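First the structure, in the form of structure tokens, and then the observations on it.
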Amino acid sequence: MKILFIINSLKNKSGSERVAVELANKMAAIGGYNITLLNREAIKENAAYPIADNVEVIALSGSLFEFYKKLKKQISSNNYDVVVVHNMGKLSLLCTLLPKIKKLVILEHVSFVSRPKKVQVLSKFFYKWVDQVVTLTQKDKEQFDKFHSKVIVIPNFSPFPIVSESPLNSKQIVTIGRLTDQKNYLHLLKAWKKIYQMIPEWHLNIYGEGEHKKMLQDYIEENSLQRVILKGSTSNVQEVYRQSDFFVMSSKYEGLPMVLVEAQSFGLPIVSYDCPFGPSDVIQNHKNGLLVENQNIEALADAILQLASSPDMLAQFSQNSLINAKKYQPEQILKVWIEKVLEG
């Protein structure tokens, strides 16, 4: 079976690119699948993530219109059984008009409601030519169900195997993400301001870079916050998870937050806003973490304080995180892709 994955770029380190490469590599390793990765920039040698030898990489350069013409020719001259488009905005909409595709699948990486209204309207029109839509979360599926009849939820798989649980004795709270408006770390700092004096042994570590770094650092200094550090980026995220007791997320919105999936692979409980749409798919409230009212700083502070103050709750949530992490392992996710998309 010939499978074509289309993605905007393979050159930059981002979640969607990593997912595209890992999915292609895993499928190619199974046997019986001829996998091609097509993008606008990178050849295999300068791709951001390692690509298996038996995965073909095609780079089509040029403007959006030129790329579309070349892509149309590529598809017309090859007998692909399935074409999977990693949602790329305008280009994804154009791909719905490509001719001679046996099965066209759109893989959605971001929530539908987070898009501009114009894009939502265009998607509802153009997706009539899409054979199947794959979403990362159940709530996002419910949005696409309103205008498409064949929608399926397939989460991304964790890049890490399940490991023994965190020792839970380091008194370290961690969050990882871009320092941007979406991640909303100012709310986390405001929550920390309310409670850090009540848990004097605990530390908050924020990993990531972004345009909000100076604003966040200024807030820390202006409010004389203690035991909170902007750590910058890390090249060893596994060790960060191992040395932490639980994860916290303060985002305004998410797709499927891979950091939550990753954290659970290391047995970390999670405290998160119940933002649209991903956290509620990963977190079972009061079982492997605490979901709190979206954008409620007081509720976020109370949840962090509650988990930091309860070793028994922390230990139980950790065990349940490891159990939940099993459904995000590659073998489980690939089985769904094969049965419901490629062979379905």
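Highlighted here are the helices (runs of 4 or more DSSP H) found entirely within the stretch 272-336 that include at least 2 residues which are under 22 Å from residue 167 (Cβ atoms) and free of Cβ contacts under 8 Å to residues at least 12 places away in the same chain: 311-325. Number of residues in the stretch 87-144 that are of a type in the set (Lys, Arg) and touching a residue at least 60 places away in the same chain (Cβ under 8 Å): the value is 1. Scanning the stretch 1-51 for residues that are under 24 Å from residue 69 (Cα atoms), outside any helix (DSSP H, G or I) and of a type in the set (Gly, Ala, Ser) gives 9, 42, 47. Is it true that residue 309 is within 20 Å of the chain's Cα centre (by Cα) and modelled with pLDDT of 95 or more? Answer is no for this residue.
When residue 142 is tested against the conditions (1) in a loop (DSSP other than H, G, I, E, B); (2) at pLDDT 90 or above; (3) within 20 Å of residue 337 (Cα to Cα), the lone failure is (1). Going by the conditions given, is residue 175 closer than 30 Å to residue 309 by Cβ, modelled with pLDDT of 95 or more and hydroxyl-bearing (Ser, Thr, Tyr)? Spelling it out, residue 175 is indeed closer than 30 Å to residue 309 by Cβ, modelled with pLDDT of 95 or more and hydroxyl-bearing (Ser, Thr, Tyr). Within the stretch 58-95, the residues that satisfy the criterion of being in contact with a Ser or Thr (Cβ under 9 Å, 6 or more places away or on another chain) and of a type in the set (Ser, Thr, Tyr) are 80, 92.
Do we find a residue being touching an Asp or Glu at 6+ places or on another chain (Cβ under 8 Å), within 20 Å of residue 21 (Cβ to Cβ), at pLDDT 90 or above and assigned by TED's automatic domain parsing to the domain that holds residue 150 anywhere in the stretch 95-106? Yes, there is a match, as at least one residue in the stretch 95-106 is touching an Asp or Glu at 6+ places or on another chain (Cβ under 8 Å), within 20 Å of residue 21 (Cβ to Cβ), at pLDDT 90 or above and assigned by TED's automatic domain parsing to the domain that holds residue 150.
Examine the stretch 98-105 for a residue that is loosely packed, with under 15 Cβ neighbours inside 10 Å, of a type outside the set (A, V, I, L, M, F, W, C) and in a helix (DSSP H, G or I), and state whether such a residue exists. No. The set of residues in the stretch 171-219 that are of a type in the set (Lys, Arg) and assigned to a loop (DSSP other than H, G, I, E, B) comprises 171, 178, 183.
The values are calculated or read from the model by the stated rules, or taken from the named source; none is laboratory data. Here the structure is a predicted model, which is why all the values come from computation and not from measurement. All Cβ positions, glycine included, derive from the backbone under ideal geometry; neighbour counts span all protein chains shown.
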